[in-house]
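Everything below concerns the one structure shown next.
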Amino acid sequence: MAGDALLDGPPSPGETLAALERVLRSRRREAPEGSYSAKLFADEALRHKKVGEEAAELVVASLRGKPDEIAHEAADLFYHALVLLQAHGITLPDVTAVLRSREGKRRG
C-alpha cells in the first residue's frame, strides 16, 4: 500500500527526541562507566556549563550562516538541554504542555 511507505521512513523529530529521552533516562538510572551522559548527570556544574557553551556555539553558527553547522550545534544544544531537563525530572511532555499552553497567546 502507498500509505505503508510512510511507516518505513525515518522517524519523526518527536520520535527521535522521545527515543533520546528514553536513552538518557536509562543512563541516569544505570550510570554506566564511561558514559558521557552519566558524567553529565553526576556533575551539575558541568551540565550547566555545557548548556551555556552549546547555546553560544549555536549563536555563532547562526551568525556564520552555515545551515549544516547550525543544525549540528542545535542538535548539541537539544541533547544537553534534555540532560538538564532529565536531571530535574522534567520530561518532553512537560515542555510540550507549556508550549501548547502558549498557543494563541500574545507574548511580548
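The values are calculated or read from the model by the stated rules, or taken from the named source; none is laboratory data. Just so you know, these numbers come straight off a predicted model, no measurement behind them. Ideal geometry is used to build each Cβ from the backbone, glycine not excepted, and the neighbour counts take in all protein chains shown.
Of all residues in the range 71-86, those that are farther than 13 Å from Pro13 by Cα have Cβ atoms under 8 Å from Cβ atoms of residues that are not in a helix (DSSP H, G or I), 6 or more apart or on another chain, in Leu85/Thr91. The single condition from (1) at pLDDT 95 or above; (2) outside any helix (DSSP H, G or I) that Arg106 fails is (1). Annotation for the range 52-59: no member residue is under 14 Å from the mean Cα position of the chain (by Cα), farther than 23 Å from Gly89 by Cβ and surrounded by fewer than 14 Cβ atoms within 10 Å (Cβ to Cβ). Of the residues making up the range 31-51, those that are surrounded by 13 or more Cβ atoms within 10 Å (Cβ to Cβ) and either touching a residue at least 24 places away in the same chain (Cβ under 8 Å) or aromatic (Phe, Trp, Tyr) (or both) number 7. For the range 60-76, filtered to residues that are under 21 Å from Val95 (Cα atoms) and touching an Asp or Glu at 6+ places or on another chain (Cβ under 7 Å), the residue that is surrounded by the most Cβ atoms within 10 Å (Cβ to Cβ) is Glu73.
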